[in-house]
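K.L.:
Just dropping this structure here.
The values are calculated or read from the model by the stated rules, or taken from the named source; none is laboratory data. Just so you know, these numbers come straight off a predicted model, no measurement behind them. Neighbour counts are summed over all protein chains in view; Cβ atoms, including those assigned to glycine, are modelled from backbone coordinates with ideal geometry.
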Amino acid sequence: MATSIGRFEDPSAEVLDEAAAAFGLLAAPARLHLMWALSQGESDVTRLADRVGGALPAVSQHLAKLRLAGLVGSRREGRRQVYYVDDPDVVTVVRVMVGQLTARSHQTAVPVRRLRGAGS
């Protein structure tokens, strides 16, 4: 049963489940960092590992999870696998969230609060 508040109708349970799964994947700092890096432009796994400071196998596993969830895409260029975020809305969500938290952390000396029960 969909209800609406204002002009927005509530999403279906299926859509909410998909959104929760996507946000769950982004709850890992390493995957969020990868999404942030890819929101700046496409890259191969070696450059991403260097940028985020992760081991190549771990970064590859994170990218595989993000790709299976449809949050990133990839294509082969010669021997390299190049990753990208193909959905501009995903890029917007990542940029807005990280940008807002960064701005807040620069405005005050108080660190950004962690939510209770938030994953690490």
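K.L.:
Going by the structure shown, is A21 at pLDDT 95 or above and either over 12 Å from the mean Cα position of the chain (by Cα) or under 21 Å from L68 (Cα atoms) (or both)?
P.N.:
Judged against the criteria, A21 is not a match.
K.L.:
Quickly run through region 66-79 and pick out the residues that are surrounded by 14 or more Cβ atoms within 10 Å (Cβ to Cβ) and either out of contact with any Asp or Glu (no Cβ under 8 Å at 6 or more places or on another chain) or over 25 Å from E18 (Cβ atoms) (or both).
P.N.:
Residues of region 66-79 that are surrounded by 14 or more Cβ atoms within 10 Å (Cβ to Cβ), as a first pass: 66-67, 69, 71-74.
Those that are surrounded by 14 or more Cβ atoms within 10 Å (Cβ to Cβ) and either out of contact with any Asp or Glu (no Cβ under 8 Å at 6 or more places or on another chain) or over 25 Å from E18 (Cβ atoms) (or both): L66, R67, A69, S74.
K.L.:
Now for a different question. Would you be able to tell me the number of residues in region 77-99 that are over 13 Å from S39 (Cα atoms) and without any contact (Cβ under 8 Å) to a residue 40 or more places away in the chain?
P.N.:
5
K.L.:
Could you run through region 29-43 and say how many residues are buried (at least 16 other Cβ atoms within 10 Å of the Cβ) and within 11 Å of Y83 (Cβ to Cβ)?
P.N.:
Adding up the residues that qualify gives 6.
K.L.:
Hey, another quick one. Exactly one condition in (1) at pLDDT below 95; (2) assigned to a strand (DSSP E or B) is false for H106; which is it?
P.N.:
Answer for H106: the failing condition is (2).
Listed here are the residues, each with its yes/no results for (1) assigned to a helix (DSSP H, G or I); (2) among the charged types (D, E, K, R).
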site: E18; (1), (2): yes, yes
site: L34; (1), (2): yes, no
site: V59; (1), (2): yes, no
site: S74; (1), (2): no, no
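K.L.:
Turning to a different aspect of this structure: Restrict the check to region 83-95 and report whether at least one residue is in a strand (DSSP E or B) and not polar (S, T, N, Q).
P.N.:
Yes.
K.L.:
Right, next: How many residues does region 45-54 hold that are of a type outside the set (G, A, S), under 19 Å from G78 (Cβ atoms) and either buried (at least 17 other Cβ atoms within 10 Å of the Cβ) or in contact with a Pro (Cβ under 7 Å, 6 or more places away or on another chain) (or both)?
P.N.:
Residues that pass the stated criteria total 2.
K.L.:
Moving on. Pairs, please: C-beta under 7 Å, at least 6 apart or cross-chain, first residue at positive phi and in region 37-66, second part of a loop (DSSP other than H, G, I, E, B) and at pLDDT 95 or above?
P.N.:
none
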